[in-house]
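Beneath this line is the structure, given in structure tokens, with notes to follow.
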Amino acid sequence: MNVRSLKLAGAVAGLLCVVGTAPNVYAQTSVLNVTASAAAPRPNPHVSIFTFNQSLILNSIGIPDAVGTTFKYKIGESASYTTITDTLGAAENGFRYFTFTNPQTYAAGTKVMIFSSKDLSPTDTRWYAHDISSTNDVGVTHTYTFGANNDLGTLNRATGNIKVSNPGSNVAPEPGSIALLLTGGGALAGIALRRRRNAA
């Protein structure tokens, strides 16, 4: 096999690998970005609401990085809130995340609701929230409720964040699939070489 044929085989194998692993270019993405690392306490209840506009995998749920904060969330408006007592990961852009062991895919219209609170005294509970700097275009809309009447908030704040990815993006190709792609490229190179010899 001459140099030209080797180059052809390498190019074909590389192309097949790229095609085979294309779904994995979609990494987990945070919905929100915040303006500062410190979360400010708010006197009224705040709840962040994340509404899926398309089918997505919910990988992680985050709360503001505040010591002693109680972290609760629910998936679906009719569900009950779950308190997370697991150790959260290191702070990322002002949030600490709880990552699901087995992330689930949720349909468009699913609502994920998060609040984080801290009891400063027996009579004083504060809800910690970040000011939002931007929202990533990942197919999720963020709103929040606040105040005694639970009105929809118009201020650009968040008591939580989530990380999502597209269905299929969390599945890595098996070693056998990679081998198949590579051997397929080798077979094409062999065909090209035979054609070259027959034409000579």
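The values are calculated or read from the model by the stated rules, or taken from the named source; none is laboratory data. Remember, predicted model here, so these are calculated numbers, not experimental data. Note that each Cβ is placed from the backbone with ideal geometry, even for glycine, and that neighbours are counted across all protein chains shown.
For V25, indicate whether it is of a type in the set (V, I, T) and modelled with pLDDT of 90 or more.
Working: of a type in the set (V, I, T): yes; modelled with pLDDT of 90 or more: no.
No: the conditions fail for V25.
For H130, which of the numbered conditions (1) at pLDDT below 85; (2) within 13 Å of P41 (Cα to Cα) fails to hold?
Unmet condition: (1).
Are any of the residues in region 5-22 outside the structural domain of V140 (by TED's automatic domain parsing), of a type in the set (K, R) and either surrounded by fewer than 15 Cβ atoms within 10 Å (Cβ to Cβ) or at pLDDT below 80 (or both)?
Yes, region 5-22 has at least one match.
Quick one: count up the residues across region 81-118 that are touching a residue at least 24 places away in the same chain (Cβ under 8 Å) and in a strand (DSSP E or B).
Adding up the residues that qualify gives 19.
Of everything in region 53-80, what is under 15 Å from the mean Cα position of the chain (by Cα) and part of a loop (DSSP other than H, G, I, E, B)? Give them in sequence order.
N53, Q54, S55
Looking at S121, S116, S60, S133, which is the one that is out of contact with any Asp or Glu (no Cβ under 6 Å at 6 or more places or on another chain) and closer than 16 Å to N156 by Cα?
On the way: S121 fails: closer than 16 Å to N156 by Cα; S116 fails: closer than 16 Å to N156 by Cα; S60 fails: closer than 16 Å to N156 by Cα.
Answer to the selection: S133.
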